[in-house]
Structure formats: structure tokens, C-alpha cells
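The values are calculated or read from the model by the stated rules, or taken from the named source; none is laboratory data. Because the structure is a prediction, the values reported are computed rather than measured. Positions of Cβ are backbone-derived with ideal geometry, glycine not excepted, and every protein chain shown enters the neighbour counts. The protein model used for the area step is the full one, side chains on, heavy atoms only, and it has no ligands, DNA or RNA in it. Shrake-Rupley method; radii C 1.70, N 1.55, O 1.52, S 1.80 Å.
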Amino acid sequence: MKRTFLALCFMAGFAGSASAATMFDYDHVDPDGTSHVISETTINGVWLSPVDAALWSTDGVPFDLSSTTFKIDYPWAPVAPIDDPDTAWNESQTVYRILGYRNGVEVARSESEVVWDEFGTHVTTHNTLGWGEVATRDLNWTNLDLVTWHSGARSDGTFVQVLAMSGAGITAAVPEPETYAMMLAGLGITALAARRRKRG
């Protein structure tokens, strides 16, 4: 009876993990060589080109994005540049864009803004980030089926790293195989302890 109960709990854990309503991914290659490419694809009616990361509904049920935490590292050298007063752009800063969609239409946006004058001299900036600076944006976006993160100069090698996100309807990602292995090992140890306790 106890074994049946444990087996049912174990199977329910697998079923609950696999029924995620949202999926998060970014362009990368796993250690085993599996390639994940979301750029140059269509998700929920939106052509993603280029994007660094995306979160989308997999079952048509909308979700909310309350906040997100992210950073953009300097990709070209170990140390990011400092601001050069002789250039129009503050090279110690970088830009980003986060877009929210519903039914294939952009409905929300959070981004850096750089305003240039007619001579190419930058006048003002808004929401720019220092290289490697961890930033949190409180968005309070509701009823979305897709969110994308973009770095301002992706063609030059910059990449938004999404560190965290929160909101109603955002489900945990399906666990990696290593997580399942640890869960199996834990269940095995628990079963062994229960068996020893029953004998003693």
C-alpha cells in the first residue's frame, strides 16, 4: 500500500512538472550539443528576429509579468570601457528592450532611450545600464502570451541574460535531467530509510 502511494506521488510529480503553461528559452547550445534557437522563428504569431530570450504561453492561457531581473555583460574584453567625453555615446552604458505581446500584437514595452540631436551628439538617455549591472524592472504587465528581451547591439555580440522573472501564470520550467536524477536518488534514500525502520 505504501509503495503504491509513493509510486502515485512520484508519477504526479512528473505529470505536474511536464504541464507547464509557459516556456522560457534563449539562443544557446546545451553541453550535450543540443541547439536551442528562438531567433528567426515565429512564436504565438510574432516573428522573433532578433531576440536574446523569450517567455511564451504554450497552452494559449495568458500570463502576467510583474517584474524581471537581467544584465548585459561587456562581450569584447575583460573590462568594460569608461565614458570617453570626446565621443557622443557614453561607452560605459548599454541599452535594452523588453516587449510584451498579446495575440501577435505588441501591447507593452520597456526600453532604454537615447535621444540624439541633428548633429549626432547624444542629448539624453533614459534607463540605460552599466555593463554587467544587474537591473530589475517592475513592469506589472498583464494578459500576455509572449515577452521578448533584446540587447541594443546584439549584432555586436551583446546579449541580455535574464536572471529572474515573476508574475501570475508563469510556471517553473520543466526540470533538467539532473534534477530528476537527484529526485530519484532522494526517493531511493527515503525508501531505504523507511525499509530499515520497518525491519528495526
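Odds and ends about this structure:
- Extension gain, ASN143 to ARG197: 0.36 nm times the residue separation minus the Cα-Cα distance gives 14.4 nm.
- Length added when fully stretched, SER39-GLU133, from 0.36 nm per residue minus Cα-Cα: 31.4 nm
- FRET efficiency, GLU111 to VAL61 (Cβ-Cβ, R0 22 Å, nearest 0.05): 0.25
- The length gained by stretching the chain between ASP73 and ALA21 to full extension, at 0.36 nm per residue less their Cα-Cα distance, is 15.7 nm.
- Heavy-atom accessible area order for MET165, MET23, largest first, 1.4 Å probe: MET23, MET165
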